[in-house]
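Below: the structure, in structure tokens.
Every number in this text was worked out from the coordinates using simple rules, so none of it is lab data. Because the structure is predicted, anything quoted here is derived from the model rather than measured. Cβ atoms come from the backbone with ideal geometry, glycine included; neighbour counts cover every protein chain shown.
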Ligand SMILES: [Zn+2]
């Protein structure tokens, strides 16, 4: 069986921590998010290591814990999103919708 690989945070790894990165499904340059140091990175700024069941478990847990952020992040990056089963163009949702999503993202990415 092929060894599964997992992307971890460079920044946190330099301090001896192995933090699996969450996929944001966002635009280029911030495809992944570190729940520890709260930075979004491009996929090329990550360190890829052999995965372990512990790291997979950690990733699953942090993805769940950061759901609000991931929803906001990805809907800002999308042209269309699904609201109550209907596809809606995000450009028609207005400034308030956008500002609200940006406020959520800023909570998780304080440096933004
Ligand atoms: Zn980090």
Residue, surrounded by the most Cβ atoms within 10 Å (Cβ to Cβ), within the stretch 14-26, restricted to residues that are more than 8 Å from the ligand (Cβ to nearest atom) and farther than 21 Å from residue 105 by Cα: 18
Considering each residue of the stretch 45-65, count those that are in contact (Cβ under 8 Å) with a residue 40 or more places away in the chain and in a helix (DSSP H, G or I), and give that number. 5
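Report whether or not residue 71 is on the phi < 0 side of the Ramachandran plot and exposed (fewer than 13 other Cβ atoms within 10 Å of the Cβ).
no
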Of the residues 110, 35, which is farther than 30 Å from residue 3 by Cβ and within 16 Å of the ligand (Cβ to nearest atom)? 110
Among what's in the stretch 74-112 and is in contact with a strand residue (DSSP E or B) (Cβ under 9 Å, 6 or more places away or on another chain) and in a strand (DSSP E or B), pick the residue that is surrounded by the most Cβ atoms within 10 Å (Cβ to Cβ). 81
Among the residues of the stretch 49-66, are any within 11 Å of the ligand (Cβ to nearest atom) and in contact with a helix residue (DSSP H, G or I) (Cβ under 9 Å, 6 or more places away or on another chain)? no
